[in-house]
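Asks: One structure, as structure tokens, below. Some questions next.
The values are calculated or read from the model by the stated rules, or taken from the named source; none is laboratory data. Everything numeric here is computed off the predicted structure, so don't read it as measured data. Every residue, glycine among them, receives a Cβ derived from its backbone with ideal geometry; neighbour counts consider all protein chains shown.
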Amino acid sequence: MSGWKCENPATILLVDDDPKILRPLQMLVEFEGYRVVTASDGAAALVVAAAQCPDVIVTDWMMPRIDGIELCRRLKSDCATVDTPVVMLSAALPPQQTERLWDVFLLKPTPVNGLLHAIRSRRERAQSGAYIRVPLE
């Protein structure tokens with residue numbers, strides 16, 4: 001971990017219903033110099049994403065109300081968030097028939113460096129214009 005700071009930090013939205021996971025993730029990502037906003041479920045994440053326009057979203061899959069897969073569907077169907085990179089975290093693999101709605105899938109427990117690399121690389125790809133997505137019908 002580098003703990004670097006930048007003048008205009010990227011905003012990362014972290015979404016998890018377990019505060020024992022969310023809080024340490026927040027501290028870790030903030031330590032890397034990012035601005036962090038959080039949500040405790042998919043419904044809250046949609047509100048935060050609309051208000052904060054995050055550069056990358058890191059979400060848990062299994063959550064109450066709106067789970068991570070449904071959150072991704074809604075993000076990808078909204079013109080304001082269709083190009084926002086999503087990192088999905090889960091202790092279980094998603095069903096094979098699930099369409100790919102996220103950019104990176106990481107199994108929990110995820111090594112710290114793996115998560116930080118996923119955030120950094122997705123942000124860099126988004127900044128370079130490498131993301132071109134078609135909204136879901």
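Asks: Just give me the residues in the stretch 32-41 being within 14 Å of the chain's Cα centre (by Cα) and part of a loop (DSSP other than H, G, I, E, B), in sequence order. Walk me through how you get there before you give the answer.
Replies: Quick first cut of the stretch 32-41, residues within 14 Å of the chain's Cα centre (by Cα) only: 34-41.
The answer is 34, 40, 41.
Results for (1) within 20 Å of residue 14 (Cβ to Cβ); (2) modelled with pLDDT under 90, shown as yes or no for each residue.
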position	(1), (2)
93	no, yes
98	no, yes
106	yes, no
114	yes, no
123	yes, yes
128	no, yes
134	no, yes
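Yes or no, residue by residue, for (1) closer than 17 Å to residue 119 by Cα; (2) at pLDDT 95 or above; (3) among the small types (Gly, Ala, Ser); (4) part of a loop (DSSP other than H, G, I, E, B):
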site	(1), (2), (3), (4)
9	yes, no, no, yes
12	yes, yes, no, no
17	no, yes, no, yes
27	yes, yes, no, no
30	yes, yes, no, no
43	no, yes, yes, no
47	no, yes, no, no
51	no, yes, yes, no
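Asks: Is it true that residue 84 is under 21 Å from residue 19 (Cα atoms), buried (at least 17 other Cβ atoms within 10 Å of the Cβ) and either in contact with a Lys or Arg (Cβ under 6 Å, 6 or more places away or on another chain) or not aliphatic (A, V, I, L, M) (or both)?
Replies: For residue 84, the condition - under 21 Å from residue 19 (Cα atoms), buried (at least 17 other Cβ atoms within 10 Å of the Cβ) and either in contact with a Lys or Arg (Cβ under 6 Å, 6 or more places away or on another chain) or not aliphatic (A, V, I, L, M) (or both) - is not met.
Asks: Show the residue pairs meeting these rules: Cβ distance below 9 Å; 6+ apart or different chains; first residue within the stretch 55-78 and closer than 28 Å to residue 33 by Cα; second residue part of a strand (DSSP E or B) and of a type in the set (Phe, Trp, Tyr).
Replies: 61/105
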